[in-house]
1. Any idea how many residues of the stretch 151-195 are modelled with pLDDT under 90 and assigned to a strand (DSSP E or B)?
2. Being at pLDDT below 95 and charged (D, E, K, R) narrows it down to one residue among Glu363, Glu367, Glu379; which is it?
3. Taking the options Gly218, Gly170, name whichever one is open to solvent by less than 40 Å² (accessible area, probe 1.4 Å), closer than 23 Å to Pro158 by Cβ and in contact (Cβ under 8 Å) with a residue 12 or more places away in the chain.
4. Could you pull out the residue among Arg231, Arg191 that is without any contact (Cβ under 8 Å) to a residue 40 or more places away in the chain and within 29 Å of Asn145 (Cβ to Cβ)?
5. Just to check your reading of the model, which residue among Gly473, Gly469, Gly441, Gly426 is surrounded by 20 or more Cβ atoms within 10 Å (Cβ to Cβ), over 24 Å from Ser511 (Cα atoms) and modelled with pLDDT of 95 or more?
6. Among the residues of the stretch 606-636, what is the count of those that are part of a loop (DSSP other than H, G, I, E, B) and either within 30 Å of Asn585 (Cβ to Cβ) or open to solvent by 60 Å² or more (accessible area, probe 1.4 Å) (or both)?
7. Would you pick out the residues in the stretch 123-149 that are more than 26 Å from Ala517 (Cβ to Cβ) and touching a strand residue (DSSP E or B) at 6+ places or on another chain (Cβ under 7 Å)?
8. Select from the stretch 294-334 the residues that are open to solvent by 60 Å² or more (accessible area, probe 1.4 Å) and under 22 Å from Ala271 (Cα atoms) and list them in ascending order.
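The values are calculated or read from the model by the stated rules, or taken from the named source; none is laboratory data. Since the structure is predicted, the reported quantities are computational estimates derived from the model, not experimental observations. Here the Cβ is made from the backbone with ideal geometry for all residues, glycine too, and neighbour counts use every protein chain on show. What goes into the accessible areas is simple: the full protein's heavy atoms, side chains included, and nothing from ligands, DNA or RNA. Shrake-Rupley method; radii C 1.70, N 1.55, O 1.52, S 1.80 Å.
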Amino acid sequence: MSANAVVFTPSSFGCGDTKMKTSLFLLTLPFLATSALAQTESPPPTPDPAVAAVPITEPETNDEQVIVITAERRQQTLLQSPSSVAVVTRAQIEARKSFDLVDAIRLLPGVSVSQSGTFGKSASIFLRGTNSNHTLVLVDGVRANSPQDGRFDIGQIPIENVEQIEIVRGPASALYGSDAIGGVINIITRRGQGPIRTGGQLEYGSFATQKQVVTVSGASDKNRVSFSAFRNKTDGNFQNDDFRDLGASLRFDRAIGGNANLVFIGRTSSAKFGVPGQRFLSFDPNQRGTSRDSTVSLAYTNQVGKRNDRVTVGLYDRHLTDDDTRATTSPAPNPSRFSNQVLSLDAQTGYRFNQNTVIGGLELRRESADIFSSSSFGESAYDRSTRTYALFAQDEYRSGDFALVPGVRYENNSQFGDFTSYRLAGAYNVNPATKIKASFGTAFKAPPFDSLYFPNFGNPNLVPERSRGFDLGVRRELNKRGGVELTYFNNRIRNLIGSDPTTFLPININSARTSGAELSYDQEFGGGLRFITSGTYTHTRSTSGPLLRRPKFNLSSDLVYQRGPYDLDLSVLVQGRRFDADFINEFTAREYGGFARVDFAFGYRLKNGVQPYIRINNLLNRNYQEVAGYPAPRFNVVFGVHAF
């Protein structure tokens, strides 16, 4: 146990489930766009990956290689990128029978997820040991972090209409600006292709968990559409632990002549849930919450010779309520309300000449928060906004086996002024089977609105948190179907926001360092059998004491078998010891034990395109907590049917 008292702030540990930081930010779904679809399929032309800086909303895949678009803001194969990138494909999502985004990403290297109990509850991501608000989350390229606390809650994101999830680890502010100290996550919606078809999914299982999904997708003439509507429900583990979610997602692509395209993507969801608190420490049978989340974007893309242009207008909008007016002791006089909005315009152009692919662009962004907080101690409110404009540029130089990618971004914010970030990444193919890659960059995190403006507890003089980080890795292709990769990383962060020991106001007082190593192995053995495993060692130090909920060791393995009608997945997650505190009986962090969790899924596809399946979570019935005071679900099973 540490003898040092820890200065706790929401950005320190991220998963703050204080009465309504169980803020369930569901992910989102459509707004509606319809279009007549003609008879003959003629999909829009695909940009040449060798020349194009393609839109962030359109990953392309083939049968042999995964295509990524987030790391360098252009389309390239996963093996070409000099960055540390991990990808979850649609095939992996369907093999694992993932219920939500938490299920989909928790097995990746460098990623640690902490969820406050059961499905639908607050969940935070820690990339390479950085804070939970140090990861920038994009939904189809649209920024979705909350201005209020800087975080993005992944606990309720539906997985039904997701095509691919890309996670870029390491400082990325040179391309994406604030929040990208630990890295960037881009959640990409499926694009319609093939003939128009309908599908659906039904699930029922433990804790009265239910899922109903309806899908429509396909392409015809110049149009593509992908639509899904869903309903999720669970009663949870105990009283007031329930969660209800209803929403939809729509992507509509329209070719408008030549190589120009318009892409509309909309997501919306609405949820109702219990806020039971810590089951054995601060249980509340009456507190309730609601959330309404929406993301909408309209993108224009055009390829002219060696030039590729993209303009995207995006909106992320979230409304939360926390009703604690029926508490048996010290009730709040009114429900609390939290509204956050991010409106952005992002434009970029890419051009290839000789051995260089140059990308330049700008971003305009308005972030706002309208907060009304009510408790037995009183009521507080603020309504504030900031404006940001940014310019960025990157040159990707390739010559034979060598690649070098420098980038820089200038950003001006109406609250804290100017900030310039830079990054340099490179790779060298020692031989056809071995590649060495490295990157170095700076990044920053703008202060969240709560720290700046909350009445009597905010400090408008805060400055951005700053970081410098690098990684060095080597990848060895074992054969055409597998490879192993080892990466060392190191991040230094300063100006971290903590609490003034005298006034208790937030100030830039702390610094931290995170370092470690990531080892991953991926091998296809033939006959439909694939084995994926990764391990991460993370060492953290901070002037404020232990960083919470960062396990020293993370080990995951996934065995996938897909052949003929059979579909089987067996995964293991082992998480080592980490520091945490329950904030009821203890306010000084102590070390909590690790855990091992085994999940299993099996499906059998019938000839009519219907697949019955079973998913078992926590197969060995382990009793563990990812967040102190919030027990994770024990053994639970779900039966489902998926019509493709």
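1. Of the residues in that region, 1 qualify.
2. Glu379
3. On the way: Gly170 fails: closer than 23 Å to Pro158 by Cβ.
Result of the check over Gly218, Gly170: Gly218.
4. Selected residue: Arg231, the only one of Arg231, Arg191 that is without any contact (Cβ under 8 Å) to a residue 40 or more places away in the chain and within 29 Å of Asn145 (Cβ to Cβ).
5. Step by step, each of Gly473, Gly469, Gly441, Gly426 is checked, and only Gly473 is surrounded by 20 or more Cβ atoms within 10 Å (Cβ to Cβ), over 24 Å from Ser511 (Cα atoms) and modelled with pLDDT of 95 or more.
6. 16
7. Step one: list which residues in the stretch 123-149 are more than 26 Å from Ala517 (Cβ to Cβ), which gives 138-149.
Those that are more than 26 Å from Ala517 (Cβ to Cβ) and touching a strand residue (DSSP E or B) at 6+ places or on another chain (Cβ under 7 Å): Leu138, Val139, Asp140, Gly141, Val142, Arg143, Ala144, Asn145, Ser146, Pro147, Gln148.
8. Arg326, Asn334
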